[in-house]
Every structure is written in structure tokens, then in C-alpha cells.
There are 2 protein chains.
Amino acid sequence: MSLSMYQASIPTFRRTLTSLAAILAKGAAHAEAKQIDPSVFLNARLAPDMFPLVRQVQIASDAAKGGAARLAGVDVPSYPDVETSFAELQERIAKTLAFIDGLDAAQFEGAETRSVTLKLRDREVTFNGQDFLFGFAVPNLYFHLTTTYNILRHNGVELGKRDFLGA
Amino acid sequence: MSLSMYQASIPTFRRTLTSLAAILAKGAAHAEAKQIDPSVFLNARLAPDMFPLVRQVQIASDAAKGGAARLAGVDVPSYPDVETSFAELQERIAKTLAFIDGLDAAQFEGAETRSVTLKLRDREVTFNGQDFLFGFAVPNLYFHLTTTYNILRHNGVELGKRDFLGA
């Protein structure tokens, strides 16, 4: 017995997006309870040359939908990066989850050897599906989920490891 | 064709530990170049009730060795949490990598259904190997790698996504 590429990817994408939504909901509730303008959180960064929270969430969404689509061999859906509120970020996450839920396990058959080419800022990189999943899609997703968590924690939102790990 | 549990775990553990070592090396070099006491970085936190950098690295090591050992069905090696310098953290990461490199792919056969029970702070949790890997070991490893990165970035160390993703 062994794992399918579907089993190795989709539950992780689903769980991380669900945690991301729960973490943002706590951030929004904290802002409301403390009467802090939500934009303070949405624009918060851990360093001047790191992305703010809104962008962290958009990239997490991109990592999940890009990862799932490329492994399934379908076009990556394009979402404009226009969110300016917690509610709009929640909509984006829900849309990303709905896209992922629409993919079928059969589409991932053979995905471990499927060729995936990405245009990065300054270069083009080609992976096989397995290296793309474990060396690019999953690390990026966790990076942006954790950084979203860290931005909110740094700004006083009460979150714990259970919010990060999910159910 | 599909993935083995070895393929789904060990390359990730190895890559994240290697990135962690590289990120810490840049932190140590920055401290030296700017004549900042390394303990400022080693004790830095993103929030008063989050762990400092040293502890983030220790837990990342624990997630990797604990994950690998439990999936391979061998005892988890116990490392005392005594590091107080960048050099000692590097030794711990090297020791963790050496432990992981000593495990054989054959030990991971059937690991997806192996029962794994963890004693957490306030409860005991039992997973099958697959859920343990994707729902606990990997997320914890990425959480503590990313938080180490974020602590250093927040304190002015020049790091980029490539340092995080590795080669």
C-alpha cells in the first residue's frame, strides 16, 4: 500500500485553507472587540520589505489553487488580487476551497511525474509533480499560513497552535 | 505508480532542516557583521507568549526526528534542550539530519496505517501514520521553520524566499 498524489496534496490544501479562514476570523473578531480599524491588521507586516497580511492570504490561496490545478492538469483559475477586508479574504478562501473540492482524485493519477513549469520572478523552473508538490506548493502554502498567523500574533490576537493545526 | 511514505516525508524533513541551518547561518553572520550580541537573536520572539528563536529551532528538530522515528517504527531519540548559541543549534540540526539519514526506506513500508499516539500537553491523540505525517509532523515542522525565518526577518536579517525553499 502507498499514497496517491491526491491523498498527499488535497487534504493538506483543504486543512491549511480552513485554518487560514479560522485564524482570520479570530483576527477580525479581535479588531471588532478592541475597536481597532481592521485595515491596521490587513496592512500589518513583520518587516518593511515583507508582504502585508492581505498579500500573505492571497499568495496562500494562489499556492493552493495553483498547486491543485497543476497536479490535476487543469488551468489555474485566476483571481484578481483586490481584497481589502476580512470578509473579502474569507470569500477568496471559500472560492479557493470550492475550486479544490471540484477536482476529482482520478485527475491526480500519474501527477507525481507530470511536468510542471513555473515562471518565477527571474527564471523559469521545471519540476516533476512530486518535487513541485513537496518542494514548492506545500512549503509556500505553509509559509504564508504561518506568516499570517505570526502577523496576527505579533499584533496581539489570541491564537494558539490548535488554530494553526486545525481540527 | 504512487508515492511511498518515505518519499512523502524524508525529503521534506531533510530540505526543511537544511533550510533552517542556512537561515540560522545568515542570522549568525548578520549578528557578527553588525556586532550584535547573538543572544539578542536567540532570545527574540514575535509575541511575549510565543517561544524565542532557540526554542523554535529545538521544536523543529523534534518535529523532524519525532516524525521520522514514529513513521519508521523506531524509538524517538531524545536531545536535551540546552542550546545557547548559533553553533550549538547547528550541531543539533546536524545531529537530527544524521539520525534521519540513518533510516532506511524499507522501515517506512506500511507507515501510512501505522498507529501513532502522542502525549500532548493536555490530551493523548492517536493518528494513523498518514494523518500524523500530513496533519501533525509536517505542519509543525513548517510552523517552526517559518517562525524562525520570521523572527530573523523581523530583526533585520536579510533573507528571501529562496533561503526558505532551499535549493
- Query: Going by the structure shown, is A:PHE164 open to solvent by less than 50 Å² (accessible area, probe 1.4 Å) and either in contact (Cβ under 8 Å) with a residue 24 or more places away in the chain or in a loop (DSSP other than H, G, I, E, B) (or both)?
  - Reply: yes
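Which ones in region B:43-57 are within 18 Å of B:THR96 (Cβ to Cβ) and either open to solvent by 10 Å² or more (accessible area, probe 1.4 Å) or among the aliphatic types (A, V, I, L, M) (or both)? Please lay out each step first, then the result.
Initially, region B:43-57 is screened for residues within 18 Å of B:THR96 (Cβ to Cβ), giving B:51, B:53-57.
Within region B:43-57, B:PHE51, B:LEU53, B:VAL54, B:ARG55, B:VAL57 meet the criteria.
Looking at region A:128-159, which of its residues are over 30 Å from B:PHE51 (Cα atoms) and open to solvent by less than 40 Å² (accessible area, probe 1.4 Å)?
Of all residues in region A:128-159, those over 30 Å from B:PHE51 (Cα atoms) come to A:128-132.
Correct list: A:GLY129, A:GLN130, A:PHE132.
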- Note on the structure: The residue from B:PRO11, B:PRO80, B:PRO38, B:PRO48 that alone is free of Cβ contacts under 8 Å to residues at least 12 places away in the same chain and more than 14 Å from every other protein chain (Cβ to nearest Cβ) is B:PRO80
- Going through region A:101-131 one residue at a time, which ones are touching a Ser or Thr at 6+ places or on another chain (Cβ under 9 Å) and part of a helix (DSSP H, G or I)? A:ALA105, A:PHE108, A:ALA111, A:GLU112, A:GLY129, A:GLN130
- Message: Considering only region A:84-91, I want to know if a residue exists there that is within 14 Å of chain B (Cβ to nearest Cβ), open to solvent by 60 Å² or more (accessible area, probe 1.4 Å) and either of a type in the set (Gly, Ala, Ser) or closer than 20 Å to A:PHE41 by Cα (or both).
- Response: no
- Only one residue in B:ALA94, B:ALA69, B:ALA98 is free of Cβ contacts under 8 Å to residues at least 60 places away in the same chain and open to solvent by 50 Å² or more (accessible area, probe 1.4 Å). Which one? B:ALA98
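The values are calculated or read from the model by the stated rules, or taken from the named source; none is laboratory data. Since the model is a prediction, treat every value here as computed from it, not as a measurement. Because the Cβ atoms are built from the backbone with ideal geometry, glycine has one as well, and the counts that use them run over all protein chains shown. Surface accessibility is based on the protein's heavy atoms, side chains included, excluding ligands, DNA and RNA. Shrake-Rupley method; radii C 1.70, N 1.55, O 1.52, S 1.80 Å.
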